[in-house]
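The values are calculated or read from the model by the stated rules, or taken from the named source; none is laboratory data. Here the structure is a predicted model, which means the values were calculated and not measured. Note: ideal-geometry Cβ built from the backbone for every residue, glycine included; neighbour counts use all protein chains shown.
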Amino acid sequence: MQLVNGFYLNGKVLELMDECPAAVARFCMILSFCGDNLTDGYVSRRDMRYVLRATDEELRLLLMENMLEEVDEGYVVHDYTEHNRSREQVLRSRKKTAERVARHRENDDVTALHASRNGATSQKHQNTRTPKKEKEEYSSSFSKEMTLAMFQGSRELAAANSMMRATYPNLDLKNSWDAFATRQYDATRMVGDWTRLWKGWCQRRAKMSGIPPSKPHKHTWKCSHVLEALGRDEETAQADEKACELADRLNKEKS
């Protein structure tokens, strides 16, 4: 997702605006942080807490809406590099801009030298302005193409693996990856296509092996989420109206 015209009309954004407007503002800060630091959508837990000041409730809602994905070291913006330029692409653009500026300056120096030798005043050289630095649009819609080896070391694969481990805890991911790599070893695809292909591969392997997806948690008046939200523990838990309403609301939000 990126900040474009119509961002405020996105379905996930509208739902969050009703539930917690602060979570939408926090997500905008997260996108800005990733673009400024060229993290390819990744934010460490420390930066999320102490730089972006995200609260537990905001993170919970962003994860629930699938706008963020949790990985071992922190969080990743869902499908970030499908909608935003990657670090590699930005650095490559900067390099090309620097080379173009250098060529302009070199041409200006040559022009000035010829004018000086001819005894003429180089009005063009005096009025030459430094080429305007190109604006880098960190939120440009861009897709990153990569080989299988590049995808293997990407944050997108790490996020996908985290999701697959949560969905199919009994699936042998290493064995699945070996089979996947044998089939796709010489292919080159967009990072989003790699991610979708890998997730679909895992789902089919799990189905063929008779591994069902993990059963989603159902909130009740005595589950840990409700107890923590109400400041209760197992000894003080009770099936009162407040606990039952909260459990029902959490289940509706999840669905």
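Tabulated values for the structure
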| quantity | calculated |
| --- | --- |
| Yes/no for LYS215 being modelled with pLDDT under 85, assigned to a helix (DSSP H, G or I), more than 22 Å from the chain's Cα centre (by Cα) and closer than 23 Å to GLU65 by Cβ | no |
| Total residues in the range 39-54, condition under 23 Å from LEU157 (Cβ atoms) and surrounded by 15 or more Cβ atoms within 10 Å (Cβ to Cβ) | 8 |
| So GLU156, is it surrounded by fewer than 14 Cβ atoms within 10 Å (Cβ to Cβ), at pLDDT below 90 and assigned to a helix (DSSP H, G or I) | no |
| Candidates GLU65, GLU57, filtered to the one that is surrounded by 13 or more Cβ atoms within 10 Å (Cβ to Cβ), modelled with pLDDT under 95 and over 15 Å from the mean Cα position of the chain (by Cα) | GLU57 |
| Residue within the range 68-78 that is within 15 Å of the chain's Cα centre (by Cα), surrounded by 15 or more Cβ atoms within 10 Å (Cβ to Cβ), outside any loop (DSSP other than H, G, I, E, B) and among the β-branched types (Val, Ile, Thr) present | yes |
| Residue that is farthest from the chain's Cα centre (by Cα), among those in the range 178-192 that are closer than 17 Å to ALA159 by Cβ and surrounded by fewer than 17 Cβ atoms within 10 Å (Cβ to Cβ) | MET190 |
| Whichever residue in the range 193-238 is small (Gly, Ala, Ser) and surrounded by 11 or more Cβ atoms within 10 Å (Cβ to Cβ) and, among such residues, is farthest from PHE180 (Cα to Cα) | ALA237 |
| First in the range 52-67 and touching a residue at least 40 places away in the same chain (Cβ under 8 Å) and outside any helix (DSSP H, G or I), second anywhere and exposed (fewer than 14 other Cβ atoms within 10 Å of the Cβ) and among the aliphatic types (A, V, I, L, M), Cβ under 6 Å, 6 or more apart | none |
